Each structure stands twice: as C-alpha cells, then as structure tokens.
Amino acid sequence: MSTVEKVSRSGKPAVVAHRGASSQAPEHTLAAYELALDQGADGLECDVRLTADHELVCIHDRTVDRTSNGSGVVSEMTLAELRELDFGSWHDADAPASVLTLRDLLTLTLDWRRPVRLFIETKHPVRFGSLVEQKLLEALHEFGVATPPSADHSRAVVISFSSAGVWRIRRHAPMLPTILLGDTARVLGGSAATAVGATGIGPSVETLRMHPEIVDKAAAAGRVTYCWTVDEQADVQLCADLGVRWVATNRPAKVRDWLVTV
Ligand code: G3P
Ligand code: CA
C-alpha cells in the first residue's frame, strides 16, 4: 500500500530520525523511536550488530559501554545478557530502556498508523562473513518486506559503509533499496554506488557541503541521495536546494519545522 508519495513530502527532503529522536531521548530505544514517529518522522534509522547468539540488535557502538549501564562487546554478549542492561539511564531517561532488536523495530515501524520507512545500517558486516546479511534478510522475509514490488515501494532500506555488504544484499534481494554510505570521495558522483548496484548514495553533511555537485551526479546515474547527519537549519536548506531525497537527523521535530519554510 505504501508509496514514496505517501512516505515523503513531494519536493522536499523526507525526514529520517537518526537512531530515533536521539537528541531528546536515548538513542536506539523504543522511547526515541516512538517520539520520532509522534513528531512526524518519515523514516527511522538504526544500526544493527550481531550478538553472540546471532540476533540482530540496534546498537551503534562495538561495545555497550557508552549507551548502557553495563560493559562488554556486543558480539560477545547474548541477547539475554543484553536484555539485563538499561540503555536509558546514561541519557537521563525517565524510565529504564531495554535493548531493541531489529524485529522489535520492524514491528514498531510496520505497525505504525502511517507508512514509515526503516533505514537499517549494517555495522562492519564483513567481520562476520555474510552472516549479518543472512540474518537481516531472514528478518525482512519474516516481516514480508524483503521483496517489494520496486525500490520506490519498499518499507525497508539497507544502508552501509561496506560495499561488500551492499553488494550481498543486492545479490540476494535485488528489489530492496540500498544506500552506500561514505564520508570520503568514494561515494562522490555515485560511481562506487553504481559499481555495487546501490540505489542511492549516502554522503555525510560535511562531504555534501564540500561537494554539493555529487547530488546531481548521482541523480544523472539514477541514484537518490541520503544525507547524514543534518542537525542545522543551514544544512537542511542546502539539502532542500540540492534535491537531497532523505535527511537523517537527530532532531526530527526541528528539521520538520525548518522544512515548512524552505
Ligand atoms: O545514517 C548514516 C549514519 O548513521 C552513519 O554514521 O556513525 O552515525 O552510524 P553513524
Ligand atoms: Ca548509523
């Protein structure tokens, strides 16, 4: 049922909540994502990592030290061990927060009262052979979103700094949209993205400021641009002027306000 037209506002970048509304609530928690959805975000971004028992969980760092009351390496901990930690107190959350699994976040996204897109970033997937992509595709199949009729009609987008990771997704799920992320010249003009078959490029906002021409070059190669992390009004304006399709931000409510006037 969902379409790009329904998911994004035509002519302006759509707003993706980066790790949820992470400037206001602890990143990658249910509270952060629900707040972003309440604030009208068009999409949600999450990072995924494998646990020791091969579950995909939404955690940015290699360890849990920064974002929980525990310590340890995510890939050396089981999901049960992660569930014992509080991912809210480091951010002064009102209530304790559990680790979110990818399945938890897919459930929230797909059950929300309006169409929302989930941008799933695979973190360092080559360290695990192809297990991250295998587990990710298993989950997307389970939720019925691995084989959209077209990239434009997809509720899930796989994003990664790993060209090998993007290539593996394209190989096994050719209709799923993918974005090759980069903060260096390798994504400029979309040539690396073209090589791995990504449907979009994902420059950092710093890269975009230095090389605004990459948006047009990517568009000429048939690719959309997803820019991260866009938290300042001048950068929102720049993205709108350039025709960036998606802006990932820690401040979805602010960015939506600013977009009203661009
Ligand atoms: O959305 C892409 C962006 O999240 C990449 O950087 O370090 O925040 O995962 P990072
Ligand atoms: Ca990320």
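Descriptive notes on the structure:
Residues are listed down the side, and each one gets a yes or a no for (1) surrounded by fewer than 23 Cβ atoms within 10 Å (Cβ to Cβ); (2) at pLDDT below 95:
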residue: 211; (1), (2): yes, yes
residue: 216; (1), (2): yes, yes
residue: 220; (1), (2): yes, yes
residue: 228; (1), (2): no, no
residue: 232; (1), (2): yes, no
residue: 237; (1), (2): yes, no
residue: 240; (1), (2): yes, no
residue: 245; (1), (2): yes, no
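- Scanning the stretch 100-125 for residues that are of a type in the set (A, V, I, L, M), away from ligand 1 (no atom under 16 Å from the Cβ) and free of Cβ contacts under 8 Å to residues at least 60 places away in the same chain yields a total of 2.
- Tally, over the stretch 244-262, of residues that are more than 16 Å from ligand 1 (Cβ to nearest atom) and not in a helix (DSSP H, G or I): 1
- In summary, residue 132 fulfils each of the numbered conditions (1) within 29 Å of residue 13 (Cα to Cα); (2) in contact with a Ser or Thr (Cβ under 6 Å, 6 or more places away or on another chain); (3) within 16 Å of ligand 1 (Cβ to nearest atom) with the single exception of condition (1).
- Verdict on residue 61 being among the acidic types (Asp, Glu), within 16 Å of ligand 1 (Cβ to nearest atom) and within 20 Å of residue 258 (Cα to Cα): no
- With respect to the conditions (1) buried (at least 19 other Cβ atoms within 10 Å of the Cβ); (2) over 15 Å from the mean Cα position of the chain (by Cα); (3) part of a loop (DSSP other than H, G, I, E, B), residue 69 falls short on a single one, namely (1).
- The residues of the stretch 12-42 that are of a type outside the set (D, E, K, R), touching an Asp or Glu at 6+ places or on another chain (Cβ under 8 Å), assigned to a loop (DSSP other than H, G, I, E, B) and buried (at least 23 other Cβ atoms within 10 Å of the Cβ), listed by number, are 20, 28.
- The stretch 43-66, residues that are surrounded by fewer than 24 Cβ atoms within 10 Å (Cβ to Cβ) and assigned to a loop (DSSP other than H, G, I, E, B): 51, 52, 53, 54, 55, 60, 61, 62, 64, 65, 66
The values are calculated or read from the model by the stated rules, or taken from the named source; none is laboratory data. On a predicted model such as this, the values are computed, not experimentally measured, just so you know. All Cβ positions, even for glycine, are placed from backbone atoms using ideal geometry, and neighbour counts span all protein chains on display.
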